[in-house]
Amino acid sequence: IHRNAPERLRELYFRMRLPLDATFVSVAGFLFGSAHFLIGLLYDQRYQSAGGMLQILSFSLLVTRYTLAHSAYLAIGKPEYLTGIHVVNVVSISLLLPISFFVWGMTGALVAIALHMAATLPLIFRFNARLGLNSLRFELMILTAWPLGWAGGTLFSIVGGR
């Protein structure tokens with residue numbers, strides 16, 4: 001697309017992002033809403049604390065959805081964008097994980113693991129702005145999938161718990 005019809009890049013990018021983002025965001029909500037039930041269903045009482053861990057880790061899906069941009073950068077011949085993103089990613093996990101664990105224990109470490117990639121978002125939004133691939137309307141619209149997923153996960157837990 002970039003080579004033959006570059007004006008269609010934005011359209012194709014968001015057409016690809018819509019189902020991926022909707023899935024990632026709604027599954028994040030579903031896992032948050034059903035985490036304790038799912039862990040109880042899959043494991044015995046010794047692992048019950050994993051429900052809270054799964055809830056925290058579910059937030060990683062909210063950030064992971066932006067990795068489609070990585071493919072777009074490669075497709076348009078901007079691999080240097082990925083270098084910056086990967087450097088920020090490595091630095092953020094290298095700093096956040098030990099500090100968060102030291103200050104807040106296991107919960108802090110889980111939050112650092114789940115959200116360390118959020119440090120790359122300013123770069124991704126900056127690069128996307130250069131390429132005309134940002135849309136505040138899309139970002140806000142897709143976030144409505146989280147409460148829908150959460151409601152589905154909560155309902156699944158209630159119905160499954162009977």
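Within region 1-31, restricting attention to residues that are closer than 30 Å to LEU110 by Cβ, surrounded by fewer than 18 Cβ atoms within 10 Å (Cβ to Cβ) and not hydrophobic (A, V, I, L, M, F, W, C), which residue is farthest from the chain's Cα centre (by Cα)? Applying the filter and picking the extreme gives PRO19.
A quick yes/no check of all residues on (1) over 18 Å from the mean Cα position of the chain (by Cα); (2) on the phi > 0 side of the Ramachandran plot; (3) not hydroxyl-bearing (Ser, Thr, Tyr):
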site: MET53; (1), (2), (3): no, no, yes
site: LEU82; (1), (2), (3): no, no, yes
site: LEU96; (1), (2), (3): no, no, yes
site: ALA119; (1), (2), (3): no, no, yes
site: PHE125; (1), (2), (3): no, no, yes
site: LEU131; (1), (2), (3): yes, no, yes
site: SER135; (1), (2), (3): no, no, no
site: GLU139; (1), (2), (3): no, no, yes
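When you scan region 91-101, do you find a residue that is within 17 Å of VAL25 (Cβ to Cβ), in contact (Cβ under 8 Å) with a residue 24 or more places away in the chain and assigned to a helix (DSSP H, G or I), even just one?
No, because not a single residue in region 91-101 is within 17 Å of VAL25 (Cβ to Cβ), in contact (Cβ under 8 Å) with a residue 24 or more places away in the chain and assigned to a helix (DSSP H, G or I).
If the condition is being open to solvent by 40 Å² or more (accessible area, probe 1.4 Å), touching a residue at least 24 places away in the same chain (Cβ under 8 Å) and not aromatic (Phe, Trp, Tyr), then region 32-54 contributes HIS36, LEU41, MET53. The set of residues in region 91-129 that are aromatic (Phe, Trp, Tyr) and open to solvent by less than 70 Å² (accessible area, probe 1.4 Å) contains only PHE127. Picking from residues in region 55-85 that are assigned to a loop (DSSP other than H, G, I, E, B) and either touching an Asp or Glu at 6+ places or on another chain (Cβ under 9 Å) or open to solvent by 40 Å² or more (accessible area, probe 1.4 Å) (or both), the one that is farthest from THR107 (Cα to Cα) is GLY77.
The values are calculated or read from the model by the stated rules, or taken from the named source; none is laboratory data. Everything numeric in this text was worked out from a predicted model, so none of it was measured. Heads up, the Cβs are rebuilt from the backbone with ideal geometry, glycines too, and the neighbour counts pull from every protein chain shown. Note: areas computed on protein heavy atoms with side chains; ligands, DNA, RNA excluded. Shrake-Rupley method; radii C 1.70, N 1.55, O 1.52, S 1.80 Å.
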